[in-house]
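Note sheet for the following structure.
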Amino acid sequence: MKDFNYHSAKDSKEASKLSSSNSAFLAGGMTTIPSMKLGLASYKDLIDIKNIKKLSGIKVSGKSVTIGATTKHVEVANSKEVKKAIPSLANLAEGIGDPQVRNRGTIGGSVANNDPSADYPSACIALNATIHTSDRKIEASKFFKGMFETALKKGELIEAIEFQIPEKSSYQKHPNPASRYAVVGVYVAKHKKDVNVAVTGAKPCVYNDKDLSKALSNSFSSTSIQNMELDSSDMNSDIHASAEYRASLVVTQAKKAVDAC
Amino acid sequence: MRKVTLEINGKKVEKEVQDSTLLSTFLRDHLNLTGTHIGCDTSQCGACVVHVNGNSLKSCTALAADIDGSKVTTIEGLATNGKMHPMQEAFKKLHGLQCGFCTPGMVMSAVDLLQKNKKPSDTEIRDWLEGNICRCTGYQNIVAAVKEAATKM
């Protein structure tokens with residue numbers, strides 16, 4: 001691994017101040033450190049945000065669940081408040097990676113990285129999340145821009161993610177048996193007015209499947225999407241699953257999710 | 001370079017390290033605690049699992065600098081007064097290993113499991129050991145060893 005300077009920031013302001021065009025924020029480091037070891041990324045400065053107390057914790061209000069950026073997956077998975085307010089979100093956290101990843105990896109890191117197969121971005125889309133950053137609030141639908149790309153600007157730090165509590169929801173993932181990343185993961189959330197069907201793993205970036213959402217908004221039952229065939233032309237294809245298989249998996253996982261709601 | 005202060009297996013350790021020093025490198029090369037193994041070095045195999053503040057962590061995927069001030073337990077820290085930890089005893093008794101390379105990580109992960117779940121089912125044990133790869137045993141005896149240890153811990 002190339003050498004770098006490690007800094008531990010005491011608050012968001014200091015973290016943003018320390019950042020440069022050649023730096024990265026470090027939280028759990030579950031992607032950052034392996035990427036740097038493999039030479040896929042290199043930075044002059046790593047700015048550790050783990051010690052900023054304000055960035056960690058879970059708050060539940062009547063309408064939303066707000067999770068601090070450095071809150072670990074294990075904390076979300078075990079949180080009684082999350083289990084009560086949005087059980088599917090706790091389930092999602094429990095299915096990320098392995099226990100060591102969950103002990104260390106953070107929600108903010110997962111969202112900022114926007115891996116095409118990561119779990120949390122689908123929760124953000126399905127649960128109409130608002131990403132609170134050091135500068136502004138960004139709606140999830142405008143946050144995820146493309147493969148590993150987000151609306152975050154250089155030096156902008158995610159502070160918390162606010163999820164809208166749905167009427168019903170479920171996340172169903174077909175995991176890669178080795179990494180537990182989603183080959184395809186579908187997060188269905190029924191809100192008062194409409195239904196979101198957020199899909200991860202299928203395309204280069206998480207997305208809300210408009211056809212499935214529309215069908216389920218009209219009739220919230222798995223039979224209403226039973227025979228749907230999705231366009232696979234822009235879906236991922238790799239040794240784990242072809243684009244056609246992924247297209248089929250999206251419908252299968254969506255049906256499972258609706259039935260589990 | 002920076003100074004890190006850690007409590008490792010109950011002993012205070014203060015050392016100068018490079019900012020980029022991995023915890024696994026720190027344990028093995030700086031402290032000669034070579035029980036922590038490096039298998040894949042890409043966060044997958046789990047041979048390097050240690051406990052940091054009571055929770056299991058892959059030491060190849062953390063910096064010595066970013067766990068500054070923490071309590072670390074490695075495989076060397078499990079035995080007390082020369083007596084093996086019940087998990088180590090169980091792995092020995094039930095032959096939960098073959099070549100032994102993955103064993104330190106397996107044992108450290110399994111101890112973390114039993115700290116959190118005193119009587120895990122076979123499925124819970126297998127799910128928990130998701131991040132620990134063994135290429136010899138087929139896991140049967142590892143699962144049996146963890147179950148045996150659960151009766152002794």
Answer residue from the stretch A:11-53, given it is more than 19 Å from A:Asp115 (Cα to Cα) and surrounded by fewer than 15 Cβ atoms within 10 Å (Cβ to Cβ) and is nearest to the other protein chains (Cβ to nearest Cβ) among those: A:Lys44
Residue ID - nearest to the other protein chains (Cβ to nearest Cβ), chosen from residues in the stretch A:94-144 that are in a strand (DSSP E or B) and within 13 Å of the chain's Cα centre (by Cα): A:Thr106
Leading residue by the ranking (surrounded by the most Cβ atoms within 10 Å (Cβ to Cβ)) among those in the stretch B:97-114 that are over 17 Å from B:Gly39 (Cβ atoms) and away from chain A (no Cβ under 11 Å): B:Val111
Among (1) of a type in the set (S, T, N, Q); (2) at the interface with another protein chain (Cβ under 10 Å from one of its Cβ atoms); (3) under 22 Å from A:Ser179 (Cβ atoms), the one test that B:Thr25 misses: (3)
Residue match in the stretch A:167-175 (condition: within 14 Å of chain B (Cβ to nearest Cβ), surrounded by fewer than 24 Cβ atoms within 10 Å (Cβ to Cβ) and assigned to a loop (DSSP other than H, G, I, E, B)): no
Flag if B:Ala145 is more than 27 Å from B:Glu7 (Cα to Cα), outside the structural domain of B:Ile38 (by TED's automatic domain parsing), within 17 Å of the chain's Cα centre (by Cα) and crowded, with 22+ Cβ neighbours inside 10 Å: yes
Extreme residue, farthest from the other protein chains (Cβ to nearest Cβ), among residues of the stretch A:73-83 that are over 13 Å from the mean Cα position of the chain (by Cα) and in contact (Cβ under 8 Å) with a residue 24 or more places away in the chain: A:Val82
Selection within the stretch A:216-233 - hydrophobic (A, V, I, L, M, F, W, C), within 24 Å of the chain's Cα centre (by Cα) and assigned to a helix (DSSP H, G or I): A:Leu216
Residue pairs meeting the criteria (Cβ under 6 Å; at least 6 apart or on separate chains; first in contact (Cβ under 8 Å) with a residue 24 or more places away in the chain, in the stretch A:189-200; second hydroxyl-bearing (Ser, Thr, Tyr) and part of a strand (DSSP E or B)): A:Ala189/A:Ser169; A:Ala198/A:Tyr187; A:Val199/A:Tyr207
Check on A:Val251, crowded, with 23+ Cβ neighbours inside 10 Å and either out of contact with any Gly (no Cβ under 7 Å at 6 or more places or on another chain) or under 25 Å from B:Asp127 (Cβ atoms) (or both): no
Residue count, the stretch B:55-76 (criterion: more than 10 Å from chain A (Cβ to nearest Cβ) and among the small types (Gly, Ala, Ser)): 1
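Here is a yes/no grid of residues against (1) among the small types (Gly, Ala, Ser); (2) outside any helix (DSSP H, G or I); (3) surrounded by fewer than 17 Cβ atoms within 10 Å (Cβ to Cβ):
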residue	(1), (2), (3)
B:Lys3	no, yes, yes
B:Phe26	no, no, no
B:Thr34	no, yes, yes
B:Cys40	no, yes, yes
B:Ser43	yes, yes, no
B:Val50	no, yes, no
Residue satisfying condition, being in contact (Cβ under 8 Å) with a residue 40 or more places away in the chain and not acidic (Asp, Glu), within set A:Leu26, A:Leu55, A:Leu38: A:Leu55
Subset tally (residues that are in contact with a Phe, Trp or Tyr (Cβ under 8 Å, 6 or more places away or on another chain) and not hydrophobic (A, V, I, L, M, F, W, C)) for the stretch A:5-28: 3
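The values are calculated or read from the model by the stated rules, or taken from the named source; none is laboratory data. Computed from a prediction, not measured in an experiment: that's the story for all the values here. Cβ atoms come from the backbone with ideal geometry, glycine included; neighbour counts cover every protein chain shown.
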